[in-house]
Amino acid sequence: MTKQRIRFTVVFALCFFFGIAWSAEELPTRLSDEAFWKLVTDFSEPGGRFVSDNFVSNELGTQHVLSKLMQGRIADGAYLGVGPEQNFTYIVALKPKISFIIDIRRQNMIEHLMYKALIELSANRAEFLSRLFSRARPAELNQDSSVAALFDAFRDAEPDPQMFQENLAAIKERLGTGHGFKLTMEDEGSLEYVFRAFYVGGTNLGYPGPNQAIRRAAVRILPTYEELMLDTDGQDQLRSYLATEENFLTLQQLEKNNLIVPLVGDFAGPSAIRSVGAYLKDHGATVTAFYTSNVEQYLFMNAEEWKSFYRNVSMLPVNSRSVFIRPLINTGTDGYSASPLFRPGFHWDTLLFSIADLVDAFSSGMIQSYFDVIQARN
């Protein structure tokens, strides 16, 4: 080989190496306010409709999967999810490098911005709950208080209308002046609507909204905010994002670093999930977990939407350990139900499913119904 050819080969190899390095920039350890808001605005789709407000999760048992989910994992990769606060518990456990919460309702994005402001403004869990529910902080609480003691103290506390107005103003100040996020008048109206639900409902707020809190004596099947935070992992271990001060501070740091990015997006939509996939590929990252709730059940009500979703999923960077987190309704008699309706005797089972296996099965035509999807659990 001539010296000229050797020099060319070396130069080509170096260019190839650095080209890979430049094209796979690592995920940032912190997003600037401008970069965060650009992701929110550029990746989001127009808001869509859903059947209910979904202020809090309606799923108990979401922590039961944590031991298996965490087995052999290190803090790495990206987390994707849908819905409100249940994502925080998974995020605190996984400690991903970045998280994207994708929900068809713009109101969910606004709710996550509300959480972001309140979490950033609060020194500890007690102050956070005081702000979230607009109730005076009981004097006996401190950073060592158990999560049960926190909710015992706030359960019967009276809402304070002046605190509500002051906290609402502080949220707007934090988001607008503090971060420079541009909320529309409609967004600000949605923010007040969501925050008022927590003010009225307090610790008893449930999925349907504050009306559940008012009718405490009524028979209900959906959990309250308190019950969600006091739920365990199935082995009597409390692991919610409010279970310990350490969990809360982990979440707070991620929020302060702008690494929990709420997006408006339809799972079957044209751009939100695909934009996240392209961003992660550009930064050499893979999806660790994708919490889907029971969204897929609704997608299978349309002959094409579920196909569009799985095509979107196929654009995400995954590996053999990337998993869907799916809560399934177990009726106790006929196994897992594909119906989103609740029936007597049901309970939630939260299970893990391989994303790569799902994509392969879909590509080969093996997925034709939601029943086909839930048969392939890990």
Among (1) crowded, with 21+ Cβ neighbours inside 10 Å; (2) touching a strand residue (DSSP E or B) at 6+ places or on another chain (Cβ under 9 Å); (3) polar (S, T, N, Q); (4) more than 27 Å from residue 60 (Cβ to Cβ), where does residue 286 come up short?
(1)
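Here is a check on your reading of the model: is residue 11 part of a helix (DSSP H, G or I) and at pLDDT below 95? Quick ask: steps written out before the conclusion?
Details: part of a helix (DSSP H, G or I): yes; at pLDDT below 95: yes.
Here the answer is yes, as residue 11 does meet what is asked.
I need the full set of residues from segment 132-153 which are touching a Pro at 6+ places or on another chain (Cβ under 8 Å), crowded, with 22+ Cβ neighbours inside 10 Å and assigned to a helix (DSSP H, G or I), in order please. It would help to see each step written out before you state the result.
Here is the first cut: in segment 132-153, the residues touching a Pro at 6+ places or on another chain (Cβ under 8 Å) are 133-135, 153.
Those still in the list that are crowded, with 22+ Cβ neighbours inside 10 Å too: 133-135.
Within segment 132-153, just 133 meets the criteria.
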I'm told residue 264 meets every condition in (1) out of contact with any Lys or Arg (no Cβ under 6 Å at 6 or more places or on another chain); (2) closer than 16 Å to residue 99 by Cβ; (3) in contact (Cβ under 8 Å) with a residue 12 or more places away in the chain except one. Can you identify the failing condition by its number?
(1)
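I'm checking my understanding of the structure. Among residues of segment 55-69 that are in a loop (DSSP other than H, G, I, E, B) and touching a strand residue (DSSP E or B) at 6+ places or on another chain (Cβ under 8 Å), which one is nearest to residue 237 (Cα to Cα)?
From segment 55-69, those in a loop (DSSP other than H, G, I, E, B) are 55-61; that's our starting set.
If we keep only those that are touching a strand residue (DSSP E or B) at 6+ places or on another chain (Cβ under 8 Å) as well, we get 55-56, 58-61.
On the way: 55: 25, 56: 21, 58: 20, 59: 17, 60: 14, 61: 12 Å.
For segment 55-69, the residue satisfying everything is 61.
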Looking at (1) over 15 Å from residue 258 (Cα atoms); (2) in contact with a Pro (Cβ under 9 Å, 6 or more places away or on another chain), which one does residue 109 not meet, given that it meets all the others?
(1)
Pick from segment 320-331 the residues that are surrounded by 12 or more Cβ atoms within 10 Å (Cβ to Cβ) and outside any strand (DSSP E or B): which of them is modelled with the lowest pLDDT?
331
So, in segment 116-125, how many residues would count as being touching a helix residue (DSSP H, G or I) at 6+ places or on another chain (Cβ under 7 Å) and surrounded by fewer than 22 Cβ atoms within 10 Å (Cβ to Cβ)?
4
Residue 102 vs (1) farther than 20 Å from residue 316 by Cβ; (2) crowded, with 22+ Cβ neighbours inside 10 Å: all pass except (1)
So, in segment 241-274, exactly how many residues are farther than 30 Å from residue 127 by Cα and surrounded by fewer than 20 Cβ atoms within 10 Å (Cβ to Cβ)?
3
Inspect all residues belonging to segment 135-144 and state whether any of them is farther than 24 Å from residue 227 by Cβ, without any contact (Cβ under 8 Å) to a residue 24 or more places away in the chain, out of contact with any Asp or Glu (no Cβ under 8 Å at 6 or more places or on another chain) and of a type in the set (Asp, Glu).
no
Answer residue from segment 102-131, given it is touching a residue at least 60 places away in the same chain (Cβ under 8 Å), out of contact with any Leu (no Cβ under 7 Å at 6 or more places or on another chain) and not in a helix (DSSP H, G or I) and is farthest from residue 278 (Cα to Cα) among those
124
Of the residues 78, 35, which is surrounded by fewer than 22 Cβ atoms within 10 Å (Cβ to Cβ), modelled with pLDDT of 95 or more and among the aliphatic types (A, V, I, L, M)?
35
Restricting attention to segment 88-100, does a residue exist that is touching a Gly at 6+ places or on another chain (Cβ under 6 Å) and assigned to a helix (DSSP H, G or I)?
no
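Would you point out the residue of segment 353-373, among those that are part of a helix (DSSP H, G or I) and in contact with a Leu (Cβ under 9 Å, 6 or more places away or on another chain), that is nearest to residue 289 (Cα to Cα)? Don't jump to the end; show me each part of the working.
Going residue by residue through segment 353-373, those that are part of a helix (DSSP H, G or I) are 355-363, 370-373.
Among the residues that remain, those that are also in contact with a Leu (Cβ under 9 Å, 6 or more places away or on another chain) are: 355, 359, 370, 373.
Values: 355: 9, 359: 14, 370: 19, 373: 16 Å.
Among those residues, the one meeting the criterion is 355.
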Taking segment 168-201 and keeping only residues that are polar (S, T, N, Q) and in a helix (DSSP H, G or I), one is left with 177, 190
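The values are calculated or read from the model by the stated rules, or taken from the named source; none is laboratory data. Worth saying up front: this structure is predicted, and the values here are computed from it rather than measured. A quick note on method: Cβ atoms are made from the backbone with ideal geometry, for glycine too, and the neighbour counts reach across all protein chains shown.
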